[in-house]
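**Q** Pasting a structure below so you can have a look.
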Number of protein chains: 10
Amino acid sequence: MTKATLTETILAAKKAKQTTWAAIAQAACLSEVYTTSACLGENALPPEAAEKVGTFLGLGPDVAEALVEFANKGEAASTVTQEPLQYRFQEIIYVYGSTLKALIEEKFGAGIMSAIDFTMDIDRIPDPKGDRVKIVMNGKFLGYKTW
Amino acid sequence: MTKATLTETILAAKKAKQTTWAAIAQAACLSEVYTTSACLGENALPPEAAEKVGTFLGLGPDVAEALVEFANKGEAASTVTQEPLQYRFQEIIYVYGSTLKALIEEKFGAGIMSAIDFTMDIDRIPDPKGDRVKIVMNGKFLGYKTW
Amino acid sequence: MTKATLTETILAAKKAKQTTWAAIAQAACLSEVYTTSACLGENALPPEAAEKVGTFLGLGPDVAEALVEFANKGEAASTVTQEPLQYRFQEIIYVYGSTLKALIEEKFGAGIMSAIDFTMDIDRIPDPKGDRVKIVMNGKFLGYKTW
Amino acid sequence: MTKATLTETILAAKKAKQTTWAAIAQAACLSEVYTTSACLGENALPPEAAEKVGTFLGLGPDVAEALVEFANKGEAASTVTQEPLQYRFQEIIYVYGSTLKALIEEKFGAGIMSAIDFTMDIDRIPDPKGDRVKIVMNGKFLGYKTW
Amino acid sequence: MTKATLTETILAAKKAKQTTWAAIAQAACLSEVYTTSACLGENALPPEAAEKVGTFLGLGPDVAEALVEFANKGEAASTVTQEPLQYRFQEIIYVYGSTLKALIEEKFGAGIMSAIDFTMDIDRIPDPKGDRVKIVMNGKFLGYKTW
Amino acid sequence: MTKATLTETILAAKKAKQTTWAAIAQAACLSEVYTTSACLGENALPPEAAEKVGTFLGLGPDVAEALVEFANKGEAASTVTQEPLQYRFQEIIYVYGSTLKALIEEKFGAGIMSAIDFTMDIDRIPDPKGDRVKIVMNGKFLGYKTW
Amino acid sequence: MTKATLTETILAAKKAKQTTWAAIAQAACLSEVYTTSACLGENALPPEAAEKVGTFLGLGPDVAEALVEFANKGEAASTVTQEPLQYRFQEIIYVYGSTLKALIEEKFGAGIMSAIDFTMDIDRIPDPKGDRVKIVMNGKFLGYKTW
Amino acid sequence: MTKATLTETILAAKKAKQTTWAAIAQAACLSEVYTTSACLGENALPPEAAEKVGTFLGLGPDVAEALVEFANKGEAASTVTQEPLQYRFQEIIYVYGSTLKALIEEKFGAGIMSAIDFTMDIDRIPDPKGDRVKIVMNGKFLGYKTW
Amino acid sequence: MTKATLTETILAAKKAKQTTWAAIAQAACLSEVYTTSACLGENALPPEAAEKVGTFLGLGPDVAEALVEFANKGEAASTVTQEPLQYRFQEIIYVYGSTLKALIEEKFGAGIMSAIDFTMDIDRIPDPKGDRVKIVMNGKFLGYKTW
Amino acid sequence: MTKATLTETILAAKKAKQTTWAAIAQAACLSEVYTTSACLGENALPPEAAEKVGTFLGLGPDVAEALVEFANKGEAASTVTQEPLQYRFQEIIYVYGSTLKALIEEKFGAGIMSAIDFTMDIDRIPDPKGDRVKIVMNGKFLGYKTW
């Protein structure tokens, strides 16, 4: 079962069961972002989490197996997305990319924020003027090695 | 004074004065991210904030004036950056773009996180296994209008 | 049913029934532009509107269901279209993009016209020298947040 | 005087004189959109209008002369803009391009909306929930010739 | 029947019948260029012409029907063709594009040659030094509207 | 003198002298298209024609010399132009490229129309419904060599 | 039979018969380069040569027929190949393109080497330090026409 | 002296001296192709050859020095050239790339023709039907190493 | 059997047999990198090695046959990969490309490291601060030929 | 002093002093690769190393200062290089990218080789059949975090 088929199978089961990513993540005992990304084929689940997701969705062992496999991360995305929700993040890079560089370097020195030793959380923040999306990215700082 | 000259002038003054973006932001009474982005030519400062930045850096009124002007946001950036620190954010879009879409839609319905009614903060989080970069993005949810 | 299959199904039913987008929109009690865009897979319909469209076209509940699903907006389009009718709008951006920026900023300050809280209407204006296409775009102004 | 120098000269005079595009357009006896686009180098003004703009801004005859010259329209624009205000119009093409085609063809038959025999107006519409940008495009329909 | 299937069907019938584009055009009572472009899916035929083409090629009514439908013009082409015959025309734009602009503007003023109210003819001109391809393009001049 | 400087010099002299491409071509005893393209740096003039152009415009021998030099043809053009007048020709390739191939092959066999042994003429054709641009391209047919 | 199917069929027959391009070319009484390119769908064979290739490979008349059809040359290739053997020729253009221009112009005047009235041969040259690939391209010089 | 300045200097001296690439190559005791490519900044000359070229052109020691420096080969070229003479070679790769691969593999096995241990010669071949350009490329075959 | 089918078949057999690339390479008596690349369709195996791989994986002779065929190397890769593991190597070229050029030229003179007469090895190096990936590339230096 | 000016200054001093990257690196007490990359503007040196390089080359304190500043890494490189020496590494990614992924995942699990906690060394390995370039990359393995 390819990752693409995996995603289709999970989306169909999720719809049939009328469940949510939040519930699937809870079943997996992992965060919503990580679990969803694995179901969408962009990450690999640990075997137990994969099994739990498969069981929760009432799917066969081939689904759990496919969830565990190494993902071919990032390759399904457009070079520059045209989908409005995702494009806003692209725009943030265009506008704030140089600012991110300046401030991370000021606070840490030469290096980067890891996108590997990295977590992300997405929350809905109630606000009388209109609820807000809060995204927290948290990545280990990696200083450039000098040798 | 163009925004490009503005940025050069501020960078030179900042270096001469051996100050930081944090201190400039404090002088402006605005956040670090917003103030830095304005100094880098990607945003416009309100007149009082612009004046305070100019005064703090010991620069003439043309700097404050240029800080207030409308920015040509995003145009200076590469379509896809090759600079490692900024690329990690591009990679996050490639890997987690579909997840961001799935979870924001699950939590809010059809719509986007605004990149306009939007704030971002960058912090250093001490961690014994290596300090971490914490980035909080907070944007108003905008539901697609039906008409 | 994917959005692509949805569109094919609707186009076939529309042709068989010899009806128009105007009539489908009227059935949906929504505007022509919004209804058509949803039928072409670029927007989601509210459940009642979706049901009305399905009933009007004599199609099964899977069509109404697919019409309600979140759209993957914008991804089906070419980066720069080569189709003449659509290209004229691309050309308008090339020629008048800087003018749009200058005038919206003059009238409103720093910010953008929302493409989310947004409506568009297309009309045929009779004219003895040749009828004209009138397109009205109406989007909420969003001022850049300062923080 | 190149069109690029022309634009710089006009922008400097406009700032020194603390005037607006609206006032310059009024001086030119032409619309805001057309006058601004000509000042930004994307259109040519008729000689009298050019002279009036030059006089209004207190600039020499070389400005009026340059305003009259044929423009190299569209070439200064990015293939796909990264500037947020202009990008929203790009996004509208991505999302509504196929809808524009479907509805114009339904209303008029095979053909296009002219971007040459074309006018555009931009207005601020007061709205208690936030003022709105209203853009009206009006172009002659041109049916594909059959021969 | 999609335009792509239409073209395949017509090419097969044309080959089986051992006929030519010239004969098909004659049957359609239209020019060779227009008729061929419609058979290749790039234009729509008027109903009577479509019927005549279908009858001439001994094909069913679905062919005539598909010939009448709005074409998705230009989208099948490469951004820059690599096919030698078509590339020569691309090269002509590269080499003579600025010349076309200079001479059309000199002869007509600011504006364009319409590609919509447009005809093209292709002829073989006998020549003792080698026969020549003669292409005549004829498009209405459209002056930029000032408003 | 580079070709770029050559073009600037000629454009300035042409404007000062208030002359036309047609007059320059007449002075050169060559066609308008060829002469203009050489003045714009896209072709080389024969020495006598170059001298005549220089004399006609009252320019020094370095202009005639630069007009004679080999041109770096096509490199100054955009890969896909965004300038409306020139783009219409790009659009003609997108829409009629496959038709050009089909008809030239039908009339001549496998091969191409030369863009080297090639002439082009541009004329204004009076028409009560609006004057028309007539472009005649005439290139030697070159059959693919079999070996 | 499309050119793509043709190539697959010929490759399968060539493998089954354990023959070579050299032998197929000999059967066709044409050069190796031309015959191979036709079998790979990039050229058309004369009817007799096509028949001989079909007979030699023991294939039906549809193969000979497909070999004779006009090829859609060049369209199957990548814009810039990533395949190492072919890339070396791309690199030769990058490094020696300006040299080719300078020397052909010095030897012939303004013009090009035809890629249509053109032959190419590939040979293995024994060499004690390692055998060498010898490629001979031979194209008619075409001088730019002046008119 | 950069390679770009070097090329300009040599081109000016070559023109002043009214000499040819052939003569410069003879002075260098190297082939026309290699010598020209070095003068155009795409290769490095051995010190003695560089000195001879400098002396022949009556230029100072900085020219000889710059001729000896490592070249930044290939970077000045367009990704895909639009200049007609050079494009014909690009077209040859598009049309004959797969043929080159098939025949070199048949004659040598898996590997490539070196573009490093490589020579190229350009000759004018008189022909009553029009003189021809003959280009001989000769590169060492390099078999893929298995390990 | 195409190379793509070959890879799918091998991946399925490798999974069913629960074996590793290391074991397959050992069976082939070749390095891990070369064997894996051949199984992934990017290289050709010598006949005996191909047979050993086929036997080891319990697959039919068509697999061994396909493993021996010339590979269409590099064409399956993205122009610039978005997959994080592979992108890190792209980033190394962006950051260290000019350094590689400077140091190889300093140590060897003008030339390149062959990617054909080339080996690569990948190893896991235990390290208390986190194990490390060690990659050794070893290619023959090829000096540019002067002729 | 910008990084670009820094590099020019260092290259000029290195040439004047007739020294090598190896000697500069020795002066810096750092590796050749790291020191060279910093001198080429792609990395930052620690203050003492920067001072030593400045002193060794006989350059002023502004050079040492510029060497210490954060680099804008990777942005000066072409998206895909056309320079032959550097392209060979691009080709290695094209051909061996999927192999690198397969083997690193087999040896380590899901994750990447860090390009930040990373060293690289370049050596000349004498070989009677032609000396070889040996490149050792050594990066920390970073496993994808699950959360």
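The values are calculated or read from the model by the stated rules, or taken from the named source; none is laboratory data. Because the structure is predicted, anything quoted here is derived from the model rather than measured. Reconstructed Cβ throughout: ideal geometry from the backbone, glycine too, with neighbour counts over all protein chains shown. Please note that ligands, DNA and RNA were not included when accessible areas were found on the heavy atoms of the full protein model with its side chains. Shrake-Rupley method; radii C 1.70, N 1.55, O 1.52, S 1.80 Å.
**Q** So, of the residues in region H:90-147 that are part of a loop (DSSP other than H, G, I, E, B) and facing chain G (nearest Cβ under 7 Å), which turns out to be least open to solvent (accessible area, probe 1.4 Å)?
**A** Checking each candidate, the answer is H:GLY130.
**Q** Could you tell me whether H:ALA12 is open to solvent by less than 40 Å² (accessible area, probe 1.4 Å), more than 8 Å from chain G (Cβ to nearest Cβ) and of a type in the set (Gly, Ala, Ser)?
**A** no
**Q** Looking only at region D:72-89, count every residue that is part of a helix (DSSP H, G or I) and open to solvent by 20 Å² or more (accessible area, probe 1.4 Å) and tell me the total.
**A** Qualifying residue count, region D:72-89: 1.
**Q** Would a scan of region D:65-87 turn up a residue that is basic (Lys, Arg) and touching a strand residue (DSSP E or B) at 6+ places or on another chain (Cβ under 8 Å)?
**A** No, the conditions are met nowhere in region D:65-87.
**Q** Further question: Among the residues that make up region B:51-60, is at least one of them more than 14 Å from the chain's Cα centre (by Cα), modelled with pLDDT under 95 and over 30 Å from J:PHE118 (Cβ atoms)?
**A** Scanning region B:51-60, I find at least one residue that is more than 14 Å from the chain's Cα centre (by Cα), modelled with pLDDT under 95 and over 30 Å from J:PHE118 (Cβ atoms), so the answer is yes.
**Q** Give region E:18-71 a look and list any residue that's in contact (Cβ under 8 Å) with a residue 24 or more places away in the chain, within 14 Å of chain F (Cβ to nearest Cβ) and open to solvent by 60 Å² or more (accessible area, probe 1.4 Å), or say none.
**A** E:PHE70, the sole residue that qualifies.
**Q** Right, next: Kindly indicate whether A:GLU65 is of a type outside the set (Lys, Arg) and farther than 18 Å from B:TYR87 by Cα.
**A** In short, yes.
**Q** Check C:THR81 against each of (1) touching a Leu at 6+ places or on another chain (Cβ under 9 Å); (2) on the phi < 0 side of the Ramachandran plot and name the one condition it does not meet.
**A** Checking C:THR81 against (1) touching a Leu at 6+ places or on another chain (Cβ under 9 Å); (2) on the phi < 0 side of the Ramachandran plot, the one that fails is (1).
**Q** Now a separate question. Quick one: would you say F:THR79 is over 27 Å from D:ASN72 (Cα atoms) and among the polar types (S, T, N, Q)?
**A** no
**Q** Only one of these is closer than 25 Å to C:ASP123 by Cβ, touching a strand residue (DSSP E or B) at 6+ places or on another chain (Cβ under 6 Å) and not assigned by TED's automatic domain parsing to the domain that holds D:SER37: D:ARG132, D:ARG124. Name it.
**A** D:ARG132
**Q** With respect to I:GLN18, determine if the residue is farther than 21 Å from H:TRP147 by Cβ, at pLDDT 95 or above and among the polar types (S, T, N, Q).
**A** The answer is yes for I:GLN18.
**Q** Checking G:ALA76 against (1) more than 7 Å from every other protein chain (Cβ to nearest Cβ); (2) more than 13 Å from H:ILE93 (Cα to Cα); (3) at pLDDT 95 or above, which single condition isn't satisfied?
**A** Status for G:ALA76: all satisfied but (2).
**Q** Do we find that I:ALA13 is in contact with a Lys or Arg (Cβ under 9 Å, 6 or more places away or on another chain) and part of a helix (DSSP H, G or I) in this structure?
**A** The answer is no for I:ALA13.
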